[in-house]
Amino acid sequence: MPFKVGKYARVEGQMRTLADLAALAGIRQSYLDALRTMARRLQDDPLEWGDPLYQAPHQSGIVCQALVGPLVVRYSVHESKSIVLIISIEPLFEWHIRP
């Protein structure tokens, strides 16, 4: 059964900022491909895909981290509810802006 994927409010802003930076760095397509892969993996197999970091103390979930393309995504998995919440999306490395 696929997981329902949601995100914290700040993640939307992170994604917009990263999209702008990826375009300036010339890696926009890699960024978009990474987002598509991330969405599919979070929906289909979030526990197998990411590395577990710790048990979320107040929400009975497991916080995981995964690498995809030029991104690091941190998310919590609530298996009993089939829900994944994206906590943050950050660049894996510094994206150098092309002149």
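The values are calculated or read from the model by the stated rules, or taken from the named source; none is laboratory data. Note that the structure is predicted; figures quoted are calculated from it, not measured. As a convention, Cβ positions derive from the backbone with ideal geometry for all residues, glycine included, and neighbour counts pool all protein chains shown. Side chains included, ligands, DNA and RNA excluded: accessible areas come from the protein's heavy atoms. Shrake-Rupley method; radii C 1.70, N 1.55, O 1.52, S 1.80 Å.
Here are the numbers for the structure shown:
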| read-out | value |
| --- | --- |
| Quarter of Cα convex hull surface for region 1-59, i.e. mean projection, nm² | 5.2 nm² |
| Residue (of A23, Q65, Y75) at the positive-pole extreme of the chain, dipole from beta-carbon charges | A23 |
| Accessible-area composition of region 1-70, carbon plus sulfur, in percent [1.4 Å probe] | 54 percent |
| Probe 1.4 Å, accessible area per residue of region 16-71, Å² | 58 Å² |
| Net charge contributed by nearby residues that have their C-beta within less than 14 Å of A19 (K/R +1, D/E -1) | -1 |
| Magnitude of the charge dipole, the chain, Cβ model with Lys/Arg +1 and Asp/Glu -1, debye to 20 | 300 debye |
| Residues whose placed amide H lies under 5 Å from that of L53, excluding near-sequence neighbours | V63, C64, Q65 |
| Whole-Hz couplings from phi, Karplus 6.51/-1.76/1.60, listed for region 82-93; x for Gly and Pro | 6, 10, 10, 10, 6, 8, 7, 10, 9, x, 5, 9 |
| Most fluctuating residue given options Y54, Y31, Y75, as computed from a GNM of the chain linking Cα atoms under 10 Å | Y54 |
| Cα pair distances exceeding 15 angstrom across the chain, given as percent | 59 percent |
